[in-house]
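Reading through the structure tokens given below for one structure.
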Amino acid sequence: MPNPPPADAHREEIEQTLHTPLCALLGCRLPLVLAGMGGVARSELVAAVGEAGGFGFLGMVREPVALIRNEVAAVRRLTARPFGVNLIPAATDPALLRDQIDACVALRVPVVGLFWDVSPNVIARLREAGIRVVHQVGSVADADLAQESGADALIVQGIEAGGHVRGLRPLTELLAEVLAVAHVPVAAAGGIADGVDVARVLSLGAQAAVLGTALAATTDSFAHDFHKQRLVDARGSDTLLTEIFHINWPPRCLVRVLPNSATRGERGDAFGEGRTVIGDEQGRPIYLFSTDSPLRSMTGDFEAMALYAGAGVGRVDAVVPAAERIARLAAEAAVQLRLASGRAGRASAVCYAEEPEARQAPDAAARRGEILARLDELLEAERAGARVTLRSVRHTDDVPLRAAIEAIHHDEVRWCAMLSRLIRGLQATPSTRTGAFYDKAMAVEDLRERMDFLNRGQGWVVKKLRELLALIPEGEQAMRRDLDEMLVAHRTNIERVKGLLGESGNGAPASAPHAALSPQAGRRK
């Protein structure tokens with residue numbers, strides 16, 4: 001039997017355990033976000049999630065303005081909590097999209113969620129109207145473009161997600177890469193279905209978990225009961241990726257669904273000529289192979305429609321009220337995070353981290369503080385390097401140089417994730433700042449000169465790693481191995497770039513990168 005929802009006395013403690021800066025940005029109490037599922041995420045579900053402490057997006061892709069007005073009004077009748085409207089420019093006629101955006105502005109919708117292609121002009125229009133923008137992305141490049149275009153927060157979508165899948169990488173991998181270059185809050189989406197999943201993505205650095213399947217299978221969801229029951233009956237291994245549900249969407253795009261007669265090829269050629277009506281929604285025909293999923297307002301052949309489901313569907317075992325599911329997920333996640341914190345204390349990379357600083361010997365507390373400061377300093381430098389290489393790789397057709405930049409970017413992202421893990425192991429929060437080296441490097445217009453500058457910055461990191469390794473106790477082999485590996489990789493990259501640039505020398509750190517990378521020299525948030 002599942003654990004009961006937490007009693008009122010425990011809710012404040014749970015909220016304190018889970019609260020993140022993104023909660024403050026969105027105005028919610030819990031870092032649990034309802035995905036803006038088209039058709040499924042209507043006012044009843046959005047309001048229930050908001051009242052339970054989470055944040056909900058109305059799924060309004062391609063919907064007429066009249067429905068947006070009605071649904072926004074309905075949410076406001078049901079709750080005073082903040083909410084958002086989810087729009088998808090790439091899947092919407094431009095004239096309708098303009099009207100949708102104008103409606104959101106006129107209705108003073110507090111937050112708009114966007115998905116699929118990044119449209120800087122859409123982000124700019126919303127931001128100019130005072131609306132916060134949260135953009136769901138599936139790649140580092142899209143994440144960088146979205147935040148530079150003005151997005152207030154990002155949602156990283158992994159390949160485990162149900163419905164339309166933009167991210168073609170496992171969530172944990174893509175999340176680490178986006179966190180390395182993000183300077184806005186980041187949430188995680190894809191296969192998240194229980195409190196363990198929520199705690200996992202929060203521990204990796206996400207500031208919220210985005211839920212689709214788990215909240216589609218609730219009494220408040222606008223999904224049809226047929227779809228809800230299929231979700232409850234499904235196993236995690238049942239989901240599959242397919243391109244066949246394509247009508248009303250850009251072509252050749254993957255969706256994750258449960259198998260049915262259409263996915264088994266029993267309903268003909270999905271891309272053949274002609275369309276077959278298999279349902280109706282208040283006079284609107286529902287076509288075979290369309291992106292429509294079964295809704296309460298529909299009639300027809302539900303079995304052949306798109307039965308969206310994420311890879312975590314096997315952990316959804318009942319249709320329950322959304323408030324109950326939110327409460328249970330929050331309680332489970334809080335327990336998991338507390339347990340993880342306790343384990344990290346006993347098996348930390350540095351043994352004295354298990355004791356509160358006030359109870360540690362003065363020299364141990366001082367050493368821990370110095371190690372943390374140096375890890376954060378390196379993290380900010382690596383974040384700067386990750387962003388420099390991400391931007392720089394677009395500026396060259398030189399194949400060997402491009403390959404070198406891509407390799408360095410991959411390494412910088414990897415070290416950001418590793419340093420963040422070490423900092424969390426010391427019971428601290430990793431820095432989200434980007435070292436001042438980023439602005440200084442990007443000010444160098446000639447790419448080869450910029451790479452030379454980057455190489456000197458890599459030399460500075462080598463120097464700092466040597467200093468840090470001297471502080472790590474000999475018995476802490478795991479941390480020493482990680483930092484040694486980072487040191488070797490930086491030396492290798494220095495020599496590789498030197499060879500490409502025709503340089504000579506020993507890669508000694510230069511004073512300019514030292515000043516630029518130093519956190520005291522100024523940082524970019």
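The values are calculated or read from the model by the stated rules, or taken from the named source; none is laboratory data. Quick caveat, the model's predicted, so the values are computed rather than measured. Heads up, the Cβs are rebuilt from the backbone with ideal geometry, glycines too, and the neighbour counts pull from every protein chain shown. Accessible surface areas use protein heavy atoms only, side chains included; no ligands, DNA or RNA. Shrake-Rupley method; radii C 1.70, N 1.55, O 1.52, S 1.80 Å.
For this structure, a couple of remarks:
- Semi-axis lengths (Å, descending) of the ellipsoid that matches the C-alpha gyration tensor of segment 204-258: 21, 18, 13
- Exposed loop sites are taken as GluC sites (Glu not before Pro) in a DSSP loop (any state but H, G, I, E or B) with at most 10 other beta carbon atoms within 10 Å; the longest stretch of the chain without one runs 1-265.
- Percent carbon-and-sulfur accessible area, segment 197-248, ignoring ligands, DNA and RNA, probe 1.4 Å: 49 percent
- For segment 28-72: rounded, prolate or oblate by the Cα gyration tensor [a/c cutoff 1.5]: prolate
- Segment 253-285 versus segment 405-437: alpha-carbon centroid distance in Å: 44 Å
- Annotation for segment 178-273: trypsin sites (Lys or Arg not before Pro) lying in DSSP loop with at most 11 further Cβ atoms inside 10 Å of their Cβ are Arg235, Arg252, Arg264.
- Cβ-derived FRET efficiency at R0 45 Å, Ala365 paired with Leu501, nearest 0.05: 0.50
- Charge dipole of the chain (Cα centre as origin; +1 on each Lys and Arg Cβ, -1 on each Asp and Glu Cβ, all else neutral): 720 debye, rounded to the nearest 20.
- Number of Lys pairs (Cα under 26 Å; 8 or more positions apart or on different chains) in the chain: 8
- Only beta bridges with both residues in the chain are counted; by DSSP, about 35 percent of them are antiparallel.
- Relative contact order (%) - segment 170-209, alpha-carbon pairs under 8 angstrom, separation at least six: 45 percent
- Cα shape, segment 22-171, gyration tensor, a/c 1.5 rule: rounded
- Over all other residues within a Cβ to Cβ distance under 11 Å of Arg391, the charged ones net out to +1, with Lys and Arg as +1 and Asp and Glu as -1.
- A 1.4 Å probe run over the protein chains yields, for the chain, 41 Å² of accessible area per residue, whole-number rounding.
- Estimated FRET transfer efficiency when R0 is 51 angstrom, pair Asp280-Thr492 (beta carbons, to 0.05): 0.25
- Computed FRET value (nearest 0.05) for Ala478 with Ala373, which takes r as the C-beta separation and R₀ as 22 Å: 0.65
- Counting protein heavy atoms only, segment 388-496 has 50 percent of its accessible area on carbon and sulfur, 1.4 angstrom probe.
- Two tests apply to each whole DSSP H helix in the chain, Cα reach of 27 Å or more along its axis and mean Kyte-Doolittle hydropathy of at least 0.0, and the ones passing both are 322-346, 399-425.
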